[in-house]
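Quick notes on the structure that follows.
The values are calculated or read from the model by the stated rules, or taken from the named source; none is laboratory data. From a predicted model like this one, the values you see are computed outputs, not experimental measurements. Here Cβ is always computed from backbone atoms with ideal geometry, including for glycine, and neighbour counts include all displayed protein chains. Protein only, heavy atoms only, side chains kept; ligands, DNA and RNA dropped before computing areas. Shrake-Rupley method; radii C 1.70, N 1.55, O 1.52, S 1.80 Å.
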Amino acid sequence: MDRRIKIFDTTLRDGEQTPGVCLDIHEKLEIAQSLVKLKVDVIEAGFPVISKGDFQSVSQIAEHIRGPIIAGLARANKKDIDAAVQALAKAERPRIHTFIATSDIHMEYKLKMSRDRVLAMAEEAVRYGKQFVQDIEFSAEDASRSDWDFLCQIYGRAIAAGATVINVPDTVGYTTPDEYGALIRYIKQHVPGIENVDISVHCHNDLGLAVANSLAAVQNGATQVECTINGLGERAGNAAMEELVMAFYTRQNYYKAITNIDMKQIYRASTLVSTLTGVDVQINKAVVGDNAFAHESGIHQHGMLNNPLTYEIISPEVIGISRNALVLGKHSGRHAFEDRLQQMDYELDKETVNALFIKFKELADRKKVVFDRDIAALVSDKPSVQPEYYRLAYHQVVSGSQSVATATVRLETSNGTIERASCGDGPVDAIFKAIEQAIGFPIGLKDYQLKAVTAGEDALGESTVWIEYEGDVFNGRGLSTDVVEASAKAYLNAINKRLTVWGQPQEQITIGCE
Ligand SMILES: [Zn+2]
């Protein structure tokens, strides 16, 4: 019998801590829904005590998401645990994930606490949480750099106090497969009551070993792996879910372990997360990178034609990539479009499909062939649920190598339209300045990105813009075959998000062309 390994997804917690990533509640719910489709065992939804926004997103996910266990993170103190309990109140299957650091370096310099104090706090936290929630996961932060016997002691105390899962994180991405495997084996042999709880691992990728370390841990007795889609996460990221799942699946004969993941959802989840976070997947990334299934060399292609297994250990269909990429065009009707949406496994209401079909027709008029990726981009660009204070009604840009770029924009607002013109260093700068003038307050542009959704000169351009205000970062996205328009839409999307949170500011600006 193969062992069943549980997948604990922390894209919405650890992944959201990726520098530059800020997801709003609607985006978090959309990712949570795709995690349900993937059939993950646990969704770590956030760290409720950290901010109002985090608290709200955990409680919304707890209320609306059914199927997986919903976990909320909490340090080992009452205030954090209370916040997690409250945020998880409406969850079908709540889990409190509480942690305290156990390495000497963390205890001495961060916590400034003795080992005895840390032991007592861990035990108290688990016992306190257990009064409200049955399922308690206890993590020893920086476990991989902690004293092994002290670790065994603290896990024993946590289990005695009621922990149902003990987590052994490699918080700083320091361990190696052999060492980590040995640690898991040691814990399994020395912690009383360990046979009644799940052993979880949480690996960071600072040395590029997160997946290898997680696999070694599973071979030595771990029953749950913590991971994120696309390996998102702090610094070099976390273990990538798609890599772990495909390693178990492709090498089932070796690992003798299975997961519950619906692999056909992997590619779509990866695309969704990269679109919503604005963090690109590197082209040669295992499993989900653009080149993961591309074969260039003639010898390989020859072998592939005779039998794909000669050089391909995973067939792209398994993770939900269809080989027939070319699907729709200008003459495709509504029926074909709806059919394609269904084949791509989108469940959308009639109203959304109607709105998408109009966009699809507009796109098909501007672009010869519409690929699955284009459709996925249209779906993720579906009408925003938040208020649109400003909307781009019209724009014109003039630029060239001999002239200064100038842009004119007309924005629609609830008080009528505003039209402004500005010049800038290039067309995007000019249109951003024109928008800033029209709105009348300064926008702290932080970062700007533009990429093509698919290949070809008429490809859809997708722009992501980050703006900052009072320490809050807002990202906006825009989609168009016209890259300047995509950029302007992204800029306005970020501005509308900022206005939703902060309201209309007092300060005014005037910028002219110098
Ligand atoms: Zn982490």
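Data table
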quantity: Residue ID - surrounded by the most Cβ atoms within 10 Å (Cβ to Cβ), chosen from residues in region 154-165 that are β-branched (Val, Ile, Thr) and away from the ligand (no atom under 16 Å from the Cβ); calculated: ILE154
quantity: Residue check, VAL172 outside any loop (DSSP other than H, G, I, E, B), within 16 Å of the ligand (Cβ to nearest atom) and more than 19 Å from ARG127 (Cβ to Cβ); calculated: no
quantity: Pick from region 1-21, criterion touching a residue at least 40 places away in the same chain (Cβ under 8 Å), open to solvent by 10 Å² or more (accessible area, probe 1.4 Å) and over 22 Å from PRO48 (Cβ atoms), ranking: nearest to the chain's Cα centre (by Cα); calculated: GLY20
quantity: Some residue of region 209-224 being open to solvent by 40 Å² or more (accessible area, probe 1.4 Å), closer than 20 Å to THR10 by Cα and within 16 Å of the ligand (Cβ to nearest atom); calculated: yes
quantity: Residue satisfying condition, being more than 26 Å from TRP466 (Cβ to Cβ) and either surrounded by fewer than 23 Cβ atoms within 10 Å (Cβ to Cβ) or away from the ligand (no atom under 16 Å from the Cβ) (or both), within set THR250, THR275, THR271; calculated: THR250
quantity: So VAL353, is it open to solvent by less than 60 Å² (accessible area, probe 1.4 Å), under 23 Å from ASN493 (Cβ atoms) and at pLDDT 90 or above; calculated: yes
quantity: Output for region 463-486, where each listed residue is open to solvent by 30 Å² or more (accessible area, probe 1.4 Å) and aliphatic (A, V, I, L, M); calculated: VAL473, VAL483
quantity: Qualifying residue in region 420-438 (condition: in a strand (DSSP E or B), open to solvent by 30 Å² or more (accessible area, probe 1.4 Å) and either modelled with pLDDT of 90 or more or polar (S, T, N, Q) (or both)); calculated: yes
quantity: Which numbered condition ARG3 fails, given (1) within 16 Å of the ligand (Cβ to nearest atom); (2) modelled with pLDDT of 95 or more; calculated: (1)
quantity: Restricting region 22-55 to residues that are touching a residue at least 12 places away in the same chain (Cβ under 8 Å) and among the small types (Gly, Ala, Ser), the residue that is most open to solvent (accessible area, probe 1.4 Å); calculated: GLY53
quantity: Residues satisfying the stated conditions in region 175-208, i.e. among the aliphatic types (A, V, I, L, M), surrounded by 21 or more Cβ atoms within 10 Å (Cβ to Cβ) and within 15 Å of the ligand (Cβ to nearest atom); calculated: VAL201
quantity: Residue within region 80-98 that is away from the ligand (no atom under 16 Å from the Cβ), among the small types (Gly, Ala, Ser) and modelled with pLDDT under 95 present; calculated: no
quantity: Residue check, PHE138 within 16 Å of the ligand (Cβ to nearest atom), under 29 Å from ALA87 (Cβ atoms) and without any contact (Cβ under 8 Å) to a residue 60 or more places away in the chain; calculated: yes
quantity: Residues of region 387-419 that turn out to be in a loop (DSSP other than H, G, I, E, B) and open to solvent by less than 30 Å² (accessible area, probe 1.4 Å), as a count; calculated: 1
quantity: Of residues in region 225-241 being within 13 Å of the ligand (Cβ to nearest atom) and either hydroxyl-bearing (Ser, Thr, Tyr) or at positive phi (or both), the one most open to solvent (accessible area, probe 1.4 Å); calculated: ARG235
quantity: Neighbours by Cβ (under 9 Å, 6+ apart or cross-chain): first from region 406-435, aromatic (Phe, Trp, Tyr); second open to solvent by 40 Å² or more (accessible area, probe 1.4 Å); calculated: PHE432/LEU445; PHE432/TYR448
quantity: Any hit, region 78-101, residues being within 28 Å of the chain's Cα centre (by Cα) and among the polar types (S, T, N, Q); calculated: yes
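One line per residue, one yes/no per condition, for (1) open to solvent by less than 10 Å² (accessible area, probe 1.4 Å); (2) at pLDDT below 95:
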{"position": "GLY72", "(1), (2)": "yes, no"}
{"position": "ASP104", "(1), (2)": "no, yes"}
{"position": "MET107", "(1), (2)": "yes, yes"}
{"position": "GLY129", "(1), (2)": "yes, no"}
